[in-house]
C-alpha cells in the first residue's frame with residue numbers, strides 16, 4: 001500500500017537556523033503531497049500541497065518541491081523561529097478523488113531554541 | 001469562531017461501555033473523515049464520507065460506526081470499548097472534488113479504563 005517515510009523523528013535547532021525535514025513516499029501514479037503542522041493540544045493544520053512533478057508548495061516561509069524522480073517532498077525553511085516548534089507531518093492522498101484517505105508519515109518533532 | 005467542532009474534548013470511559021464522539025463542520029464541505037492518533041500509530045485514517053455516503057473504511061472492527069445525520073455532521077459511535085481504543089480522535093473535512101486538503105478539528109481525547 002501507499003506509505004510515507006519521514007527520516008527525522010526529532011530535530012533541534014537554534015533560531016535562524018536552516019530547516020530540512022526529509023519526506024519520501026511510495027505510491028503509484030501521481031499522488032497529491034501535503035505538509036501539515038500540529039501544535040500541542042490541537043488538530044493538524046494544513047500548510048500546503050503540491051500535485052505534480054516539480055511543483056513547489058509554500059506557506060509561512062516553509063516550502064517543498066514535488067520530486068517524482070526521487071519520490072520526495074522535503075520540507076525546508078531558511079530561518080526558523082521559536083514559534084515554529086511543533087510536529088510536522090508529510091502526507092499523501094489520491095490525485096483526483098475526494099472523500100479518500102490521507103496517509104501520514106510518522107511525524108517530525110521540531111524544537112527551536114532561542 | 002471554530003469551523004470544526006468536536007465534543008467532548010476529553011472523555012473517560014470504562015471497558016465494555018459505549019460512547020459517541022460528536023463532529024460538526026461549518027466550512028460548507030461535502031466530505032468528512034475520522035482519524036485516530038495514538039502513541040502507537042500516529043494519525044491513522046479510519047473512515048471517509050462524501051455527501052453522507054461512506055467512501056472508505058479502514059477500520060477492521062465493526063465496533064466503530066460512523067453516523068451522518070446531516071451533511072455537516074459525522075459522529076463516531078464506539079461500542080464495547082477496550083483500553084486499546086484510548087487515543088485522540090480527529091474529525092476532518094474537505095471540499096469535494098480533486099486532491100483537496102483536509103481541515104482537522106481539535107480532537108476528542110478518549111481514555112478507556
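Using Cα pairs under 8 angstrom and six or more residues apart, how large is the relative contact order of chain B, in percent? Write down the numbers at each step before the final one.
Details: 274 pairs, mean separation 40.9, N = 113.
Result for chain B is 36 percent.
Can you bin segment A:1-42 into rounded, prolate or oblate? Criterion: square roots of the alpha carbon gyration tensor eigenvalues sorted a ≥ b ≥ c, rounded for a/c under 1.5, prolate for a/b above b/c, oblate for the rest.
Details: a/c = 2.50, a/b = 1.81, b/c = 1.38.
Judged from the Cα gyration tensor, segment A:1-42 comes out prolate (a/c at least 1.5, a/b above b/c).
Would you mind putting A:8-17, B:70-79 in packing order, based on average other-beta-carbon counts within 10 Å, highest first? Don't skip to the end; give the middle numbers.
Numbers: A:8-17: 12.7, B:70-79: 17.3.
In descending order of packing, they fall as B:70-79, A:8-17.
For peptide B:31-37, how many partner chain Cβ atoms fall within 10 Å of a residue's Cβ, on average?
3
Could you tell me the calculated FRET efficiency between residue A:5 and residue B:22, based on Cβ-Cβ distance and R0 = 25 angstrom, to the nearest 0.05?
Working: r = 34 Å, r/R0 = 1.37.
Computed FRET efficiency for residue A:5 and residue B:22 comes out at 0.15.
Could you tell me the calculated FRET efficiency between residue A:58 and residue B:12, based on Cβ-Cβ distance and R0 = 25 angstrom, to the nearest 0.05?
0.05
Per residue of B:103-110, what is the mean number of Cβ atoms on other protein chains within 10 angstrom of that residue's Cβ?
Taking all residues of B:103-110 together, the mean is 3.
Taking every residue in A:86-94, how many Cβ atoms of other protein chains lie within 10 Å of its Cβ, on average?
Per residue, the average neighbour count from other chains is 2.
Taking the simple approach of a point 7 Å from Cα along Cα-to-Cβ for both residue A:65 and residue A:114, what is their distance in nm?
3.6
Between residue A:85 and residue A:22, what is the FRET efficiency for a Förster distance of 22 Å, r being their Cβ-Cβ separation, to the nearest 0.05?
Calculated value: 0.75.
Over chain A, what is the relative contact order in percent, taking alpha-carbon pairs closer than 8 angstrom and at least six residues apart? Display every interim value, and only then the final one.
On the way: 293 pairs, mean separation 41.5, N = 114.
The normalised contact order for chain A reaches 36 percent.
Every read-out reported here was derived from the displayed coordinates using simple, explicitly stated rules and does not represent laboratory data. It should be emphasised that the depicted structure is a prediction, and the values quoted were computed from it without experimental measurement. Cβ coordinates were reconstructed from backbone atoms using ideal geometry, including for glycine residues, and neighbour counts include every protein chain displayed.
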